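Just so you know, all these numbers are worked out from the coordinates, no wet-lab data involved. Just so we're clear, the structure is a prediction, and the values are computed from it rather than from any experiment. Note that each Cβ is placed from the backbone with ideal geometry, even for glycine, and that neighbours are counted across all protein chains shown.
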């Protein structure tokens with residue numbers, strides 16, 4: 001048996017409330033383990049000191065005085081539920097701060113007006129796709145890149 005299991009059974013063993021099988025197991029472990037044997041001896045010495053201490057009985061009026069003090073406690077008013085506890089106040093304030101922070105972030109998607117403009121521009125691009133294809137072909141056309149720049153400027157001015 002290990003020391004952790006003995007810790008759970010030691011108090012019951014010392015009180016004499018342990019079952020016979022548990023009692024046997026504890027005695028076998030205490031015979032083999034010096035640390036647990038020392039712990040059991042410390043508990044026995046502590047209980048002997050506590051047994052020597054005088055018992056203090058509460059006064060006969062203790063119960064009555066306690067009930068009077070409980071009755072004298074101020075009762076919360078009917079509006080007491082409106083006063084938040086510190087935990088609720090902290091939670092609500094954090095929620096407000098988080099909401100303000102999230103609302104100040106830029107939107108991930110464009111607003112509806114911008115989305116409509118973008119889709120309109122995309123539609124125009126698709127509509128003029130043939131022109132764009134021709135432009136792409138002409139821009140990458142090798143013989144045009146061999147033309148002198150001055151000649152190209154003259155051609156544009158005419």
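With respect to residue 92, determine if the residue is surrounded by 10 or more Cβ atoms within 10 Å (Cβ to Cβ) and either outside any helix (DSSP H, G or I) or in contact (Cβ under 8 Å) with a residue 24 or more places away in the chain (or both).
Working: surrounded by 10 or more Cβ atoms within 10 Å (Cβ to Cβ): yes; either outside any helix (DSSP H, G or I) or in contact (Cβ under 8 Å) with a residue 24 or more places away in the chain (or both): no.
No.
Of all the residues that make up the range 16-30, how many are exposed (fewer than 10 other Cβ atoms within 10 Å of the Cβ) and at negative phi? Outline the logic, then answer.
Residues of the range 16-30 exposed (fewer than 10 other Cβ atoms within 10 Å of the Cβ): 16, 20-21.
Then drop every residue that is not at negative phi, which leaves 20-21.
Matching residues across the range 16-30 total 2.
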